[in-house]
Amino acid sequence: MNNPTGLFTLPARILHWLMAAMILAMLFIGVGMVASVSERHAWLLRIHKPLGIAILLLAVVRLAVRLRHPPPPLPADLPMLQKLAAHASHWLLYALMIAMPLVGWAMLSAGGYPVMLSDSLRLPPIFPTNAVAFAVLRHAHAWLAMLLLLTFLAHLGAALYHGLIRRDGVLANMVGGSRKS
Amino acid sequence: MPDPHAPTAPPARHPGAWALILAVPAACALALAYVGGWLSPQRLTPGRIVDQFQQNAGVHPGYRRNHAKGVCVAGYFQSSGEAAPYSVAQVFAPGQRTPVVGRFAIPGSNPYAQDGSVPIRSMALRFALADGQQWRTGMNSMPVFPVATPQAFFAQLQAGQPDPATGKPNPAKLAAFFAAHPETAAFRAWAKTAKPSASFATDGYWSLDAFVFTAPDGAKHAVRWRMAPQSMDDGAAAPANDPDYLAADLRERLAHGPLHWKLLVTLAKPGDPTNDATKAWPSDRTTVDAGMLVVESEQPQDSGPCRDINYDPTVLPNGIGISDDPLLPARSAAYADSYLRRTSEEAHLPGTARVDTKPQAEARP
């Protein structure tokens with residue numbers, strides 16, 4: 001349970017970098033598909049749904065890993081405000097990783113669409129068919145995506161700040177092998 | 001370094017580090033803005049297509065942005081089993097009966113348009129398959145579409161925008177559009193002789209776009225389909241004094257019994273264009289009688305079950321897929337935009353147009 005190495009555990013690091021790539025891809029796919037009228041629209045839409053559900057499942061696994069293996073503590077000399085921002089943004093990212101796919105799934109359910117993950121794999125609806133709810137959920141999906149993007153950009157900036165300016169090992173704890181002594 | 005209580009390395013003072021910290025997230029945001037089209041306002045997006053519909057006919061809150069005037073219908077599709085060798089979709093299984101919620105409409109964005117103002121009628125269907133999958137299709141009563149690409153469709157919409165001075169499209173702009181788009185010839189030839197029909201029941205409806213069936217053995221077949229009316233056109237002219245005669249006729253006919261269409265699926269031969277809805281396939285292509293569409297009842301569109309359905313033709317069950325027809329993804333994207341606008345208006349979300357409660361007679365232009 002405790003963390004003698006100071007690193008994030010290997011499962012946590014794998015999940016982090018895998019999901020970072022998936023979520024970043026998802027933001028581009030989502031923004032791109034609603035702005036496109038070309039064949040890109042069709043194939044991005046085909047990726048969007050199964051990828052979203054994969055992120056949901058991995059986020060649940062990741063939450064379990066995090067509760068089982070608490071992350072290494074932040075540097076003791078990190079100002080309180082930055083610590084607070086770090087904790088708040090991490091939990092916000094977890095909340096969004098889980099909320100975004102659920103809102104998307106509920107939105108398609110409310111719109112009366114079959115939630116198809118492939119040509120034949122269909123998820124059951126998780127929300128009753130209701131056009132007003134569809135509109136609310138569809139807008140919520142977009143606004144939460146914007147919030148996720150901003151939180152991600154802040155997270156990215158903060159990681160670089162830890163790695164390049166403070167050089168306090170916070171970034172190295174997640175990168176893993178390249179720790180400096 | 002892992003010990004959080006150890007003193008940290010002296011902070012770097014390199015301005016390059018700070019520049020990198022700002023530049024990486026900024027580059028990310030910029031790339032996303034590019035993908036989203038915010039840096040290229042000239043790019044054709046679903047929103048611009050729907051905006052142009054609104055430019056042409058005004059905003060009619062709560063209504064579809066195209067094919068705004070219509071009526072809901074319900075019934076079922078009775079499969080003959082003859083399409084089953086070409087598609088594994090459950091809807092084609094022998095003897096399978098699939099419930100259908102549909103919609104007849106006329107093109108255009110004005111929900112109060114006169115039925116006789118256009119010669120085109122449309123039929124949209126949502127088949128609710130027993131396995132929970134769906135097949136949605138939107139068909140028109142002409143064998144070919146005027147244009148082949150979303151860009152040409154948008155140009156046609158722009159050319160058709162009413163001139164503020166006359167309230168009508170500028171004939172010179174339309175002429176210029178048609179001159180620049182010779183692919184519209186087949187449609188124009190059809191339109192020259194087409195008359196607004198007196199009934200939805202006597203029209204045939206074409207898928208226009210091509211699709212791809214997947215057979216039980218995995219073989220792919222490019223197809224187009226059409227609904228062939230079983231009600232005969234008695235040649236009666238449309239009543240000139242009733243702007244809403246189509247709904248009245250439908251009600252009258254359904255009071256005497258269900259209406260029928262045969263679903264005819266045409267199989268392409270290699271080389272038949274699947275990416276160009278302006279080109280009909282040769283008439284000798286194999287046609288499969290997939291079964292009978294039976295329409296049993298009609299409901300007004302403002303309260304009927306079709307109201308909240310987006311008839312996106314790319315919502316397809318296993319066994320039917322989209323082809324390389326460039327109109328299909330554009331239809332899907334633009335319908336989604338229109339659906340979000342009208343459901344947002346239904347939800348009275350801030351920033352949306354208020355739903356019009358004016359009685360039809362007042363609002364009719």
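A short reminder: the numbers here are calculations on the coordinates, not readings from a lab. Small disclaimer: the values here were computed from a predicted structure and weren't measured. With ideal geometry, Cβ positions are generated from the backbone for all residues, glycine too; neighbour counts draw on all protein chains shown.
What residue among A:Leu58, B:Asn66, B:Ala334 has its Cα farthest toward the positive end of the dipole of the protein assembly as shown, where the charges are +1 on Lys, Arg and -1 on Asp, Glu, each on the Cβ?
Going by the charge dipole, the pick is A:Leu58.
Given the pairs B:Lys69/B:Lys269; B:Lys69/B:Lys220; B:Lys173/B:Lys279; A:Lys49/B:Lys220, which are separated by over 30 angstrom at their Cα positions?
Going by Cα-Cα distance, B:Lys69/B:Lys269; B:Lys69/B:Lys220 fall outside the 30 Å limit.
Rounded to the nearest 500 deg cm²/dmol, what is the calculated helix-only ellipticity per residue at 222 nm for chain B, with -39500 (n - 2.57) per DSSP H run of length n ≥ 4?
Calculated at 222 nm, the ellipticity per residue is -8500 deg cm²/dmol.
Between the alpha-carbon centers of region B:84-116 and region A:74-111, tell me the distance in whole angstrom.
Centre-to-centre (Cα) distance: 43 Å.
Once amide H atoms are built 1.01 Å from N in the peptide plane, which residues 5 or more positions from B:Gly36, or in another chain, come under 5 Å H to H?
Residues meeting the amide H criterion: none.
Given only helices, namely DSSP H runs of n ≥ 4 each adding -39500 (n - 2.57), what is the per-residue ellipticity at 222 nm of chain A, to the nearest 500 deg cm²/dmol?
So the helix-based figure for chain A works out to -24000 deg cm²/dmol.
Could you work out how far apart the two model spin labels at A:Val132 and B:Ala194 are, taking each label as a point 7 Å from the Cα in the direction of the beta carbon, and quote it in nm?
With each label point 7 Å from Cα toward Cβ, the separation is 3.8 nm.
Please check which bits of region A:81-106 a label hung off A:Ala21 would reach, taking the label as a point 7 Å along Cα-to-C-beta and the cut-off as backbone N under 20 Å.
Counting backbone N atoms under 20 Å from the label point, the list is A:97.
Sort by residue number and report every cysteine in chain B with no other cysteine beta carbon within a distance under 4.7 Å.
Cysteines of chain B left without a disulfide-compatible partner: B:Cys28.
Need one word for region A:58-110: rounded, prolate or oblate. Basis is the Cα gyration tensor (sqrt eigenvalues a ≥ b ≥ c); a/c below 1.5 gives rounded, then a/b vs b/c decides.
oblate
Can you work out ³J(HN,Hα) from phi for every residue in region B:191-202, in order, using Karplus 6.51 cos²θ - 1.76 cosθ + 1.60 and θ = phi - 60°, giving whole Hz and x for Gly and Pro?
5, 4, 9, 6, 10, x, 6, 8, 8, 5, 6, 9
Could you identify which residue out of B:Pro15, B:Pro243, B:Pro317 has the top mean-square fluctuation in a GNM of chain B using Cα springs shorter than 10 Å?
Of B:Pro15, B:Pro243, B:Pro317, the most mobile in the Gaussian network model is B:Pro15.
Tell me which residues come under 5 Å, amide H to amide H, from A:Ile126 once H is placed; ignore anything under 5 positions away on its chain.
The answer is A:Ser109.
With +1 on each Lys and Arg Cβ and -1 on each Asp and Glu Cβ, and nothing else charged, work out how big the dipole of chain B is about its Cα centre, in Debye to the nearest 20.
So the dipole magnitude of chain B works out to roughly 640 debye.
Let me test this: with uniform point scatterers at the alpha carbons of region A:10-175, what is the Debye-based log₁₀ I(q)/I(0) at q = 0.17, 0.18 1/Å?
-1.08, -1.17
What's the Kirkwood radius of chain B in Å, using all Cα pairs?
22.8 Å
Hey, fewest Cβ within 10 Å first, where do B:Val355, B:Val88 land in order?
B:Val355, B:Val88
In degrees between 0 and 90, to the nearest 10, how far off the longest principal axis of chain A does helix A:131-160 point, with axes built from Cα atoms?
The angle comes out near 20 degrees.
PRE reach from B:Val355 (point 7 Å along Cα→Cβ): which of region B:55-73 fall under 18 Å by backbone N?
Of the residues in region B:55-73, B:59-66, B:68-72 have backbone N under 18 Å from the label point off B:Val355.
Can you give me the long-range amide H partners of B:Gly291? Hydrogens built in the peptide plane at 1.01 Å from N, cutoff under 5 Å, separation of 5 or more residues or another chain.
Long-range HN contacts for B:Gly291: B:Ser80, B:Leu263.
Let me confirm one metric for peptide A:167-176, namely the mean number of other chain beta-carbon atoms within 10 Å of its residues' beta-carbons.
3
Using the alpha carbon gyration tensor of region B:67-131, what are the three equivalent-ellipsoid semi-axes (square root of 5 times each eigenvalue), largest first, in whole Å?
Ellipsoid half-lengths, sorted descending, are 31, 12, 9 Å.
What distance in nm separates the simple spin-label points at A:Ala142 and B:Gln299, each placed 7 Å from Cα in the Cβ direction?
Reported label-point gap for A:Ala142 and B:Gln299 is 2.8 nm.
Would you mind classifying region B:218-365 by shape? Square roots of the alpha carbon gyration tensor eigenvalues, ordered a ≥ b ≥ c; an a/c under 1.5 is rounded, otherwise it is prolate if a/b is larger than b/c and oblate if not.
Verdict is oblate for region B:218-365.
Kindly write out, for region B:19-24 in residue order, the coupling ³J(HN,Hα) from the Karplus curve 6.51 cos²θ - 1.76 cosθ + 1.60 (θ = phi - 60°), rounded to whole Hz, with x marking Gly and Pro.
4, 5, 4, 7, 6, 5
Determine, for B:Asp324, B:Asp203, B:Asp217, the number of other Cβ atoms within 10 Å of each Cβ, and report the residues in order from fewest to most.
Starting with the residue having the fewest Cβ neighbours, the order is B:Asp217, B:Asp324, B:Asp203.
What nm value, rounded to one decimal, do you get for the distance between B:Ser117 and B:Leu39 when each label is placed 7 Å out toward the C-beta?
4.2 nm
With a ≥ b ≥ c the root eigenvalues of the C-alpha gyration tensor of the protein assembly as shown, is it rounded (a/c under 1.5), prolate (a/b larger than b/c) or oblate?
It is prolate, given that a/c is not under 1.5 and a/b is the larger ratio.
Any chance you could give the angle, 0 to 90 degrees and rounded to 10, that helix A:10-34 forms with the longest Cα principal axis of chain A?
40 degrees
Toward the positive end of the charge dipole of chain B, about the Cα centre and with charges on Cβ (Lys, Arg +1; Asp, Glu -1), which of B:His348, B:Gly81, B:Val212 goes farthest?
So the residue furthest toward the plus end is B:His348.
Can you tell me, using C-alpha contacts under 8 Å and at least 6 residues apart, the relative contact order of chain B as a whole percent?
Here the relative contact order equals 22 percent.
So what are the ³J(HN,Hα) numbers for region A:53-64, from phi and the Karplus equation (6.51, -1.76, 1.60; θ = phi - 60°), rounded to whole Hz, Gly and Pro as x?
In residue order, the calculated couplings are 5, 4, 5, 4, 5, 5, 5, 5, 4, 5, 4, 5 Hz.
Which of B:Thr166, B:Thr287, B:Thr214 moves the most in a Gaussian network model of chain B with Cα springs under 10 Å?
In this elastic network of chain B, the residue with the biggest mean-square fluctuation among B:Thr166, B:Thr287, B:Thr214 is B:Thr166.
How do B:Val71, A:Val60 line up, fewest other C-beta atoms within 10 Å first?
With the fewest neighbours first, B:Val71, A:Val60 line up as A:Val60, B:Val71.
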